[in-house]
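Enquirer: After the structure tokens below, expect a handful of questions from me.
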Amino acid sequence: MKRIIAAALGAAMLCGCVATNVPPQDRRVTIAEDLGTSVCITDIRCTKGASDFYTFQANMVNTTSSEIAVDWKVVWLDADGVAIDSVVSNWSSRMLHPHEICALKGTAPRADAVDMLFYTRRARR
């Protein structure tokens, strides 16, 4: 009887150690609190193309069963981590359909851009 109770307690303790299925957050990504968990970024890539300009792609996922209007922008950084002011750093809008995965893409405005920051928020109307 003691063995059964000990086995049950051991199994209960192991169940409490289950890993969650939440992808690690990239330090370059900021999702505004007003979106909560209704949007997530599953993948973000930044690479230098043939033209010596960096390009990025971010996969944004609507995790809800309703449409969500979001704004997003990318701020490009130089080698010193200073933001490069450009037209491409303005907010863009996108409607995400229920459970849609949307690939957002862009290109750095200058060849001296070496990294980027990605921001998203609920669309301002």
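Enquirer: Quick check on my filter: what residues within the stretch 71-125 are β-branched (Val, Ile, Thr) and outside any loop (DSSP other than H, G, I, E, B)?
Expert: Result: VAL74, VAL75, VAL87, VAL88, ILE101, THR107, THR120.
Enquirer: In addition: Which of (1) in a loop (DSSP other than H, G, I, E, B); (2) modelled with pLDDT of 85 or more is the odd one out, the single condition ARG45 does not satisfy?
Expert: (1)
Enquirer: Could I ask something else about it? Assess whether SER66 counts as being part of a loop (DSSP other than H, G, I, E, B) and either within 21 Å of ARG125 (Cα to Cα) or of a type in the set (A, V, I, L, M, F, W, C) (or both).
Expert: yes
Enquirer: Test ARG27 against the stated conditions and say whether it is at pLDDT below 90, open to solvent by 40 Å² or more (accessible area, probe 1.4 Å) and under 22 Å from GLY106 (Cα atoms).
Expert: Yes; evaluated as a whole, the condition is true for this residue.
Enquirer: Six or more apart or on different chains, Cβ under 8 Å: which pairs go from a residue in the stretch 64-88 that's farther than 14 Å from ALA113 by Cβ to one that's of a type in the set (Phe, Trp, Tyr) and part of a loop (DSSP other than H, G, I, E, B)? Could you list them?
Expert: From the stretch 64-88, the pairs are ASP71/TRP91; TRP72/TRP91; LYS73/TRP91.
Enquirer: Does ALA19 fit the bill of being under 24 Å from ALA123 (Cα atoms), exposed (fewer than 13 other Cβ atoms within 10 Å of the Cβ) and either modelled with pLDDT of 85 or more or out of contact with any Cys (no Cβ under 6 Å at 6 or more places or on another chain) (or both)?
Expert: For ALA19, the condition - under 24 Å from ALA123 (Cα atoms), exposed (fewer than 13 other Cβ atoms within 10 Å of the Cβ) and either modelled with pLDDT of 85 or more or out of contact with any Cys (no Cβ under 6 Å at 6 or more places or on another chain) (or both) - is not met.
The values are calculated or read from the model by the stated rules, or taken from the named source; none is laboratory data. These numbers were taken from a predicted model, which means no experiment stands behind them. Every residue, glycine among them, receives a Cβ derived from its backbone with ideal geometry; neighbour counts consider all protein chains shown. What goes into the accessible areas is simple: the full protein's heavy atoms, side chains included, and nothing from ligands, DNA or RNA. Shrake-Rupley method; radii C 1.70, N 1.55, O 1.52, S 1.80 Å.
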